[in-house]
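S.K.: The following block contains the structure, expressed as structure tokens.
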Amino acid sequence: MYFDSHAHYDDEKFDPDRFNLLSGFKNNIDYIINCGADLSSCQKSLELANQFDFIFAAIGVHPENIYDLTQNDITSLENLAHHEKVKAIGEIGLDYHYENYSRDKQIYWFEKQIHLANKLNLPIIIHSRDAATDTFEIIKANAKTKGVIHCFGYNFQMALDYIELGFFIGIGGVITFKNAKKLVEVVSQIPIEKILIETDCPYLSPEPNRGKRNDSSNLKYIVEKIAQIKNIPHQEVARITCSNAKKLFEIA
């Protein structure tokens, strides 16, 4: 009953064994959202969704990849997003970690992709790193649909602010890290009904596999940690977070 709400199985790190790995998930991973990061990965995500019944696609351009975007590319994203297995616009957002990236351009294309989500009535999957205030204010001002804050890395109050907007909080492998005290506080305080679990694979493997290639089989470690923090059974965390994701992405 695991729902991996954020994965990148189109990544080249899965080239050696992608089909066999995904085929092996059919009995223990209920659903996966494979998220686009650029136009090529959006197309590959859709191809994976067509190949596997339990995989769905999100279509969007990551903030690190927006610098050559054109309005024609937004039209291409819209055309892809009309496919029945596309369930969200993402991964979109802001990343201020590297100072040589234009913040103005990131904001421009972030807003453009939010407007596309509004037009198509699709939820948004948000990337936000070192950009807490701008991300929140842009979403608050522009988003007419709901979504999830992927790999949430801010404080408890910011989590509450997003929840008040109707958003979910994405929790991944970082919750198992020893230095994740702030995230542990967030998970302990927010309702389980507002949490989605994710891998962001092939990145951010949880303990005890930190540093290795991540995949959806590691969701169990994330669920175990959330269950420990909230003092509820593992099966309940898996069931509720799966139900949360099905609700957000409108999967029956």
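S.K.: Within region 31-40, restricting attention to residues that are closer than 14 Å to T199 by Cβ and of a type outside the set (S, T, N, Q), which residue is surrounded by the fewest Cβ atoms within 10 Å (Cβ to Cβ)?
M.R.: Y31
S.K.: Here's a follow-up. For S216, all conditions in the list (1) surrounded by fewer than 19 Cβ atoms within 10 Å (Cβ to Cβ); (2) under 18 Å from P16 (Cβ atoms); (3) hydroxyl-bearing (S, T, Y) hold save one; what is the number of the exception?
M.R.: S216 satisfies every listed condition except (1).
S.K.: Return a yes/no flag: does region 187-198 have any residue that is in a helix (DSSP H, G or I) and crowded, with 19+ Cβ neighbours inside 10 Å.
M.R.: yes
S.K.: Just give me the residues in region 29-61 being more than 25 Å from K246 (Cβ to Cβ) and under 16 Å from the mean Cα position of the chain (by Cα), in sequence order.
M.R.: D38, V61
S.K.: Test of understanding: among L160, L204, L165, L219, which residue is under 22 Å from I92 (Cβ atoms) and either out of contact with any Cys (no Cβ under 8 Å at 6 or more places or on another chain) or of a type in the set (S, T, N, Q) (or both)?
M.R.: L165
S.K.: Is there any pair linking a residue in region 34-45 that is under 17 Å from S216 (Cβ atoms) to one that is part of a helix (DSSP H, G or I), with Cβ under 6 Å and at least six apart or on different chains, and which?
M.R.: If the second residue must be part of a helix (DSSP H, G or I), the pairs left are N34/S45; N34/L48.
Here's the yes/no breakdown for (1) over 22 Å from W109 (Cα atoms); (2) basic (K, R):
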position	(1), (2)
A132	no, no
E164	yes, no
K178	yes, yes
K181	yes, yes
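S.K.: If you don't mind, another one. State yes or no: is I149 over 24 Å from L21 (Cα atoms), among the aliphatic types (A, V, I, L, M), buried (at least 21 other Cβ atoms within 10 Å of the Cβ) and in contact with a strand residue (DSSP E or B) (Cβ under 6 Å, 6 or more places away or on another chain)?
M.R.: Spelling it out, I149 is indeed over 24 Å from L21 (Cα atoms), among the aliphatic types (A, V, I, L, M), buried (at least 21 other Cβ atoms within 10 Å of the Cβ) and in contact with a strand residue (DSSP E or B) (Cβ under 6 Å, 6 or more places away or on another chain).
S.K.: May I ask you to verify whether N20 is exposed (fewer than 14 other Cβ atoms within 10 Å of the Cβ) and within 19 Å of G172 (Cβ to Cβ)?
M.R.: no
S.K.: OK, next. Filter region 78-118 down to residues that are touching a residue at least 12 places away in the same chain (Cβ under 8 Å) and among the acidic types (D, E) and give me whichever is nearest to F249 (Cα to Cα).
M.R.: Out of the qualifying residues, it is E91.
S.K.: Specify the residue that is surrounded by the most Cβ atoms within 10 Å (Cβ to Cβ); the eligible residues are those in region 44-63 that are of a type in the set (D, E, K, R) and over 30 Å from D104 (Cα atoms).
M.R.: Applying the filter and picking the extreme gives E47.
Quick grid of which residues meet (1) among the small types (G, A, S); (2) more than 30 Å from V184 (Cα to Cα); (3) crowded, with 17+ Cβ neighbours inside 10 Å:
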site: N65; (1), (2), (3): no, yes, yes
site: T75; (1), (2), (3): no, yes, no
site: V86; (1), (2), (3): no, yes, yes
site: E99; (1), (2), (3): no, no, no
site: S102; (1), (2), (3): yes, yes, no
site: I124; (1), (2), (3): no, no, yes
site: E137; (1), (2), (3): no, no, no
site: Y154; (1), (2), (3): no, no, yes
site: L160; (1), (2), (3): no, no, no
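S.K.: Next question. Considering each residue of region 202-219, count those that are part of a loop (DSSP other than H, G, I, E, B) and farther than 10 Å from K13 by Cβ, and give that number.
M.R.: Residues flagged as part of a loop (DSSP other than H, G, I, E, B) and farther than 10 Å from K13 by Cβ within region 202-219 amount to 9.
S.K.: While we're on this one: Which one is nearest to E198 (Cα to Cα), of the residues in region 122-151 that are in a helix (DSSP H, G or I) and polar (S, T, N, Q)?
M.R.: If we take residues in region 122-151 being in a helix (DSSP H, G or I) and polar (S, T, N, Q), then T135 is nearest to E198 (Cα to Cα).
S.K.: Exactly one of (1) touching a Pro at 6+ places or on another chain (Cβ under 6 Å); (2) not in a helix (DSSP H, G or I); (3) not aromatic (F, W, Y) is unmet by Q106. Its number?
M.R.: (2)
Bear in mind that the values in this text are calculations on the coordinates, not laboratory data. These numbers were taken from a predicted model, which means no experiment stands behind them. Reconstructed Cβ throughout: ideal geometry from the backbone, glycine too, with neighbour counts over all protein chains shown.
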